[in-house]
Amino acid sequence: MLFKKIAYAVSFSVPAYNTSVYAVKSFQKPLSIWQQIVKRYRHQAHLPVYLTEMDWIAIGVIYCVSVCLITLWMPIFWVLKVGISFLLFSVPILALEFRIEFIEHTIDKSLFSFLSHMNACLAHRASLTDVLLDVEMKLDNLYIKEGLRRFNRSVRSGMQPERAFQILNESTTHAYLRYIYLNMEQIHQKNGDMQALMHALECEHADIQVAFNKRKIELKHDRNMTLFSFLLVLLTVLKIGSANDYIKMFYTSTMLGKQVSVILMIGLLAGLGIILSASRIKL
């Protein structure tokens, strides 16, 4: 619908571009589990800036070995050891999920500024590559600048803009920002009016941002309250168990206590799984 509006406004004919980011993904080769982990918890968390892939793997292996040694040293029932190991393994995952959320939030706040800079630069320059170079210099968001810097260096080194756009889209993890780049690529290939596209995208972004932010804030609040309750229950259980020897003996020495501890551990792990799943919901 967006391209149809632009076509009527500037009197040139381009095919309607209604394909969403997720529809484009359906034509891609499915990633393996390891590739999905690397994509989300390394690239989407923007860790390559700080850690090489070998450093990232080495830190993960050291942390996993440390967790295993700590839980093996604990004088508790083996099922509890497994449960505590999973809880400790989830700590860096939760930390990375919060980092990913922070990065996406900073990009959300900078999208309107990015579109405004694009419109301002397009009013003075005709070349898209020159415009993106100016936007890279003026934009404050480091995560958007990182992709634009890679695109501009590729084009200046002689790479075709089509291939540079492909690399930019593949490296961009924010869904709406990738949607903007895909629209820019289509208009560039069709020699359309880029300024009309940016104006339409700016209006579209302003219209949907209010409702989108409301839903996202509600989800974030519910998830954080659930996580707080989860940690509060866990700390309370550990405090009571460590302060009373007879409670510790009940859960570690009796069959009923072991069964109850297994049920409680399954419930805690299920709650943690729900929290992690909520972090990945795309509104």
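Data table
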read-out: Using a Förster distance of 25 Å, the FRET efficiency for Leu219-Gln189 (Cβ separation, nearest 0.05); value: 0.10
read-out: Charge tally in the Cβ shell below 9 Å around Cys121, where Lys, Arg are +1 and Asp, Glu are -1, Cys121 excluded; value: 0
read-out: Three-way shape call for the stretch 147-202 based on the alpha-carbon gyration tensor, with the a/c threshold at 1.5; value: oblate
read-out: Per-residue SASA entry for Ser32, accessible area with 1.4 Å probe, Å² rounded to 10; value: 60
read-out: Heavy-atom surface of the stretch 108-161, accessible at 1.4 Å and reported per residue (Å²); value: 52
read-out: Global geometry of the stretch 119-175, whether rounded, prolate or oblate, following the gyration tensor of its Cα atoms and the 1.5 cut on a/c; value: oblate
read-out: Nearest-0.05 FRET efficiency for Ile59 and Ala243, computed from C-beta distance (R0 22 Å); value: 0.05
read-out: Overall form of the stretch 80-146 per C-alpha gyration tensor (a/c, 1.5; a/b vs b/c); value: prolate
read-out: Dipole moment magnitude, nearest 20 debye, the stretch 89-214 about Cα centre, only Lys, Arg, Asp, Glu C-beta charged; value: 360
read-out: Listed pairs Lys39/Lys258; Lys39/Lys145; Lys138/Lys190; Lys138/Lys220 exceeding 29 Å between Cα atoms; value: Lys39/Lys258; Lys138/Lys220
read-out: Stretch gain in nm, segment Arg163-Cys68, where the contour uses 0.36 nm per residue and the Cα spacing is subtracted; value: 29.7 nm
read-out: Most to least packed among 198-206, 66-74 [average Cβ atoms within 10 Å]; value: 198-206, 66-74
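The values are calculated or read from the model by the stated rules, or taken from the named source; none is laboratory data. Predicted model, so just to flag it, every value in this text is computed and none were measured. Cβ: placed from backbone, ideal geometry, glycine included. Neighbour counts: every protein chain shown. What goes into the accessible areas is simple: the full protein's heavy atoms, side chains included, and nothing from ligands, DNA or RNA. Shrake-Rupley method; radii C 1.70, N 1.55, O 1.52, S 1.80 Å.
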